[in-house]
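Quick notes on the structure that follows.
The values are calculated or read from the model by the stated rules, or taken from the named source; none is laboratory data. Note that the structure is predicted; figures quoted are calculated from it, not measured. Protein only, heavy atoms only, side chains kept; ligands, DNA and RNA dropped before computing areas. Shrake-Rupley method; radii C 1.70, N 1.55, O 1.52, S 1.80 Å.
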Amino acid sequence: MLQDEGVCFTVIGSRDSGTNPDVRWPAPFPSHHEGYYGADSVGVRDILVQTLPGLPPPDMALVHLGTNDHASAFGSDTIEALR
């Protein structure tokens, strides 16, 4: 939708593949991302502590977390990770 509106943007992230490196993302999915599908909020938080300092500060971030927490004991650890 951003491209359709003529908005210039760059997607950043420490990753350029998913958990299966043999799978290629469909075009025009940006190759760099910080997506961790299948991970819960606590797991993503622990990864981001390591990866985010190596990235330039973004102007905007799209964050989708919490979906995978339904499979674990949703409690104070999850809520704190989302903060």
Fraction of accessible area attributable to carbon and sulfur, the chain (%, probe 1.4 Å): 58 percent
Max mean-square fluctuation residue, GNM over the chain, Cα-Cα springs under 10 Å, options ASP69, ASP16, ASP59: ASP59
Length-normalised contact order for the chain - Cα pairs under 8 Å, 6+ apart - percent: 29 percent
Cα-based Rg of the chain normalised by 2.2 N^0.38 Å, two decimals: 1.23
Solvent-accessible surface ranking, highest first, for SER76, SER31 at 1.4 angstrom: SER76, SER31
